[in-house]
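Novice: I have a structure I would like to understand better, so I am pasting it below and will then ask my questions one at a time.
Just so you know, all these numbers are worked out from the coordinates, no wet-lab data involved. The model shown is predicted, which means the values in this text are computed figures rather than measured ones. Cβ atoms come from the backbone with ideal geometry, glycine included; neighbour counts cover every protein chain shown.
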Amino acid sequence: MKSADIRQAFLSYFEEHGHTRVPSSSLVPGNDPTLLFTNAGMVPFKDVFLGRDPRDYVRATSSQRCVRAGGKHNDLDNVGYTARHHTFFEMLGNFSFGDYFKRDAIRFAWTFLTEVMGLPKEKLWVTVHISDDEAERIWKDDMGIDPTRFSKLDEDNFWQMGDTGPCGPSSEIFFDHGPEVAGGPPGSPDEDGDRYIEIWNLVFMQFDRDSQGNLNPLPKPSIDTGMGLERVAAVMQGVHSNYEIDLFQNLLKAAAEATEHADTTTPSLRVIADHIRSCAFLITDGVLPSNEGRGYVLRRIIRRAIRHGHKLGARGSFFHRLVAALDAEMGDAYPELRQARGQIERVLLKEEEQFARTLDHGMGLLETALSELDGDTLPGETIFKLYDTYGFPYDLTADVCRERGVGLDETGFERELEAQRERARAASQFGAEYGATIELEGQTDFTGYERLEDEATVVGLFDS
Ligand code: ATP
Ligand code: MG
Ligand code: MG
Ligand code: MG
């Protein structure tokens, strides 16, 4: 079953059960300063759950584009290392706004997986929150789930969109990819492997967490579910990794051609194929590379992709050339992407040209530092110099170091940043108000103090 057919089957199934089909919203959450990007299908419905945005429906279904590269749910560092994480992915969801609750949510999900998708029950594992006896009874007594494939967990089964906002206990469904893959079942000590892959999370929305951390009851108990399209496609197509599904085949091929690297299973090619999706969709949704907030996250993702291309031997600009393949793959489902194609290509090319000039020098410095390393930790001063002089975001340096099994002196880096901030404070006497954002477009090296101010903003966002 192709990804597009799964998306369609999901939306139709829930439409047949009284849900209104709602198109995907932007990756930039409307009017929500608490959130960097739309990171789940429920984000556009946040105010509906809170009772502040009445709609003329109480059930909805959607396929929402999501980015998890910052904030509460940050998967950037996982990409390229696990079979199941992307920076950009599509979340299939069904929602109840004070209408049905646990029993129907569980029944819909179980019926869709085992009857509509025809998945064998013995391959599916289920978890619920440690306190949730009601959901346990529904799974065991009504759905007849085998108790050996069922467990009750704590934090893993409490979902929240961010530090504040709607949240509640959840129930997750996992698919067992078989003993050839390493990893233990959910809740076991080796659950971090990729054998049992979480495919669907059913959240029993009951609370609104406020900024003091208190849980206030929602006006009405509600349902929010999310299933990763790429993960369920891997299951349906009998492959283990998301990168082996239909949707990624042409992207990987395009990445292989653009970097002149034939082996499409190379992690770097997977990183590039992943990153073109988040970058292209972020630009579609109006984000531009910059030195602060969302734009800085986009810049970090673009630079990470370029660095991986560089690692494969690509020396010219290659990344923007993947937009055509992405358009061919996803432009039908997302006409806004097709429409923005020219703009995406221009933005990426400009960013590539800008970064290419310093990448070689920066990598040279990093290679020298790594070869001369005394011990197994890269000093903070080196990380800072790469960042300050060569525009290497912290996680880019971390990515390279991880490949070599080298740790990072994060404290030392923070100390250098703080020293730079001090100098900035002193310099602010010369006019430019500390905190003012100074336009850096077109600049090759990042030596301005304003960059640190921006970094402070970003660090703040990431700490949250
Ligand atoms: P994991 O534990 O695998 O990181 P999660 O618990 O963080 O997943 P949820 O927040 O519950 O994920 O999101 C709901 C669903 O969205 C998941 O069950 C999964 O199918 C999908 N999903 C989450 N993160 C990603 C990602 N980075 N890439 C692709 N799909 C994802
Ligand atoms: Mg996660
Ligand atoms: Mg999980
Ligand atoms: Mg989950």
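Novice: Past 20 Å, Cα to Cα, is the threshold; run 46/220; 72/311; 102/220 against it and keep the listed order.
Specialist: Beyond 20 Å: 72/311.
Novice: Can you quote the Å³ per residue value for the convex hull of the Cα atoms in the chain, rounded to an integer?
Specialist: Spread over its residues, the Cα hull of the chain gives 156 Å³ apiece.
Novice: How tilted is helix 246-259 with respect to the longest principal axis of the chain? Cα atoms for both, answer in degrees (0 to 90, nearest 10).
Specialist: 10 degrees
Novice: In percent, how large is the relative contact order of segment 71-159, given Cα pairs closer than 8 Å and 6 or more residues apart?
Specialist: 23 percent
Novice: Do you know the relative contact order of the chain, to the nearest whole percent, from alpha carbon pairs under 8 angstrom that are 6+ apart?
Specialist: This gives 13 percent for the chain.
Novice: Let me ask something else. Going by alpha carbons, how many degrees (0 to 90, nearest 10) lie between the helix axis of 3-16 and the longest principal axis of the chain?
Specialist: That helix lies at roughly 40 degrees to the long axis.
Novice: I need the shape label for segment 1-97. Rule: rounded when a/c is under 1.5, else prolate if a/b > b/c, else oblate, with a, b, c from the alpha carbon gyration tensor.
Specialist: Because a/c hits 1.5 or more and a/b fails to exceed b/c, segment 1-97 counts as oblate.
Novice: What would the Debye formula give as log10 I(q)/I(0) at q = 0.11, 0.16, 0.25 Å⁻¹ for the alpha-carbon point model of segment 299-397, no solvent?
Specialist: So the normalised log intensities are -0.41, -0.73, -1.29.
Novice: Quick one: angle between helix 293-311 and the longest Cα principal axis of the chain, in degrees between 0 and 90, rounded to 10, please.
Specialist: With rounding to tens, the tilt is 80 degrees.
Novice: Further question: Taking each pair of distinct Cα atoms in segment 160-237 once, what is the resulting Kirkwood hydrodynamic radius in Å?
Specialist: Answer for segment 160-237: a Kirkwood hydrodynamic radius of 14.2 Å.
Novice: For 334, 57, what's the fewest-to-most ordering of other Cβ within 10 Å of each Cβ?
Specialist: 57, 334
Novice: Semi-axes of segment 99-251's equivalent ellipsoid from the Cα gyration tensor, sqrt of 5 times each eigenvalue, largest first, rounded to whole Å?
Specialist: Rounded to whole Å, the semi-axes are 27, 18, 16.
Novice: Let me ask something additional. For segment 169-297, state what percent of all Cα-Cα pairs lands in each successive 5 Å bin, counting from 0 Å until the bin that includes the largest distance.
Specialist: Result returned by the calculation: 2, 9, 12, 12, 14, 16, 16, 11, 5, 2, 1, 0.
Novice: Taking the Cβ of each residue in 401, 279, 167 as the centre, tally the other Cβ atoms inside 10 Å and list the residues starting with the fewest.
Specialist: By the 10 Å Cβ count, ascending: 401, 167, 279.
Novice: Quote the relative contact order of segment 300-390 in percent (integer), defining contacts as alpha-carbon pairs under 8 Å separated by 6+ residues.
Specialist: Relative contact order, segment 300-390: 27 percent.
Novice: Next up: How much net charge surrounds residue 111 when only the other residues with a Cβ under 13 Å from the Cβ of residue 111 are counted, with Lys and Arg +1 and Asp and Glu -1?
Specialist: -1
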